[in-house]
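Novice: If you scroll down you'll find the structure; I have some questions about it.
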Amino acid sequence: MKPIKKSLVQPLLDSFLNCDVYLHLETTNGAYAVHTKERSMSAGAYIRNALISFGRGIITGDGPYRVGLKLELGWVYAEGLTDFEMSQEGQLLLAGHDQEGRLAVALELSLCPFE
C-alpha cells in the first residue's frame, strides 16, 4: 500500500459511481486494547460483501483522510484512512494504520465479491 494522495484516490472512487459494488468495511481497536491490557473499551465493526451503489464518493481531509459514499437513502463513511492501493483484480483498498502500523479501519470496494 502507498500513502493516500487525494488526487489519485478521488478518480478511483469516481470509477465506481452508480455501479453495483461490493463493500468491505471494518474498524477495530479491540484486539490491540486486549493485548496491551488497557482499561479502554474494546470496539469494532465488520461488514463484508454488502452490495451497494453510490452516486457520490468523496475523499476529504488533510490526513488521515475521510471517505464518504452517498447512497440513495444514506451514507457509508470511514475516517482515519492513511493508505491505498488498486489491486490487480480492480479492487480499491483503503486502510487506516496507527503509528505502529496496526490496522484501525479498512474500506474496500470491488465489482466482484471479496473472497
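Novice: Report the extension gain between Asn49 and Trp75 in nm, rounded to one decimal, defined as 0.36 nm multiplied by the number of residues separating them, less their alpha carbon distance.
Specialist: Numbers: separation 26, 0.36 × 26 = 9.36 nm, distance 1.65 nm.
Stretched out fully, the Asn49 to Trp75 stretch lengthens by 7.7 nm.
Novice: So, one more: Within the set of other residues whose C-beta is less than 11 Å from the C-beta of Phe54, count the net charge using Lys and Arg as +1 and Asp and Glu as -1.
Specialist: Values: positive: Arg56, Lys70; negative: Asp14, Asp20, Glu72.
Residues near Phe54 contribute -1 overall.
Novice: Taking the Cβ of Cys112 as the center, what net charge do the other residues with Cβ under 14 Å away carry, scoring Lys and Arg +1 and Asp and Glu -1?
Specialist: On the way: positive: Arg48; negative: Asp20, Glu89, Glu108, Glu115.
After counting each charged neighbour, the total is -3.
Novice: Would you mind working out the magnitude of the charge dipole of the chain relative to its Cα centre, with +1 at each Lys and Arg C-beta and -1 at each Asp and Glu C-beta, to the nearest 20 Debye?
Specialist: Details: 10 positive and 14 negative charges, 55 e Å.
That gives the chain a dipole magnitude of about 260 debye.
Novice: Pull up the cross-link candidates among the aspartates and glutamates for Lys2, meaning alpha carbon to alpha carbon under 20 Å and not fewer than 8 places away within one chain.
Specialist: Once the sequence-local aspartates and glutamates are set aside, what remains near Lys2 is Asp14, Glu26, Asp62, Glu79, Asp83, Glu85, Glu89, Asp98, Glu100, Glu108.
Novice: Report the FRET efficiency, 1/(1 + (r/R0)^6), for Leu111 and Ser42, where r is their Cβ-Cβ distance and R0 is 25 Å, rounded to 0.05. Kindly include the intermediate steps, with their values, before the conclusion.
Specialist: Working: r = 34 Å, r/R0 = 1.34.
After rounding to 0.05, the efficiency reads 0.15.
Novice: Can you tell me the FRET efficiency between Ile58 and Gln99 if r is taken as the Cβ-Cβ distance and R0 is 30 Å, rounded to the nearest 0.05? It would help to have the intermediate numbers written out before the result.
Specialist: Values: r = 26 Å, r/R0 = 0.87.
It comes to 0.70.
Novice: What does the net charge come to around Tyr22 if you take all other residues with beta carbon closer than 11 Å to its beta carbon, with K and R at +1 and D and E at -1?
Specialist: Numbers: positive: Arg48; negative: Asp20, Glu108, Glu115.
Within the 11 Å Cβ shell, the charges total -2.
Novice: May I ask you to evaluate 6.51 cos²θ - 1.76 cosθ + 1.60, the Karplus curve with θ = phi - 60°, for each residue of region 52-58 and list the ³J(HN,Hα) values in order in whole Hz, giving x for glycine and proline?
Specialist: 10, 9, 10, x, 8, x, 9
Throughout, read-outs are computed from the coordinates displayed, never taken from laboratory work. Quick caveat, the model's predicted, so the values are computed rather than measured. Every residue, glycine as well, gets a Cβ built from its backbone with ideal geometry; the counts of neighbours run over all protein chains shown.
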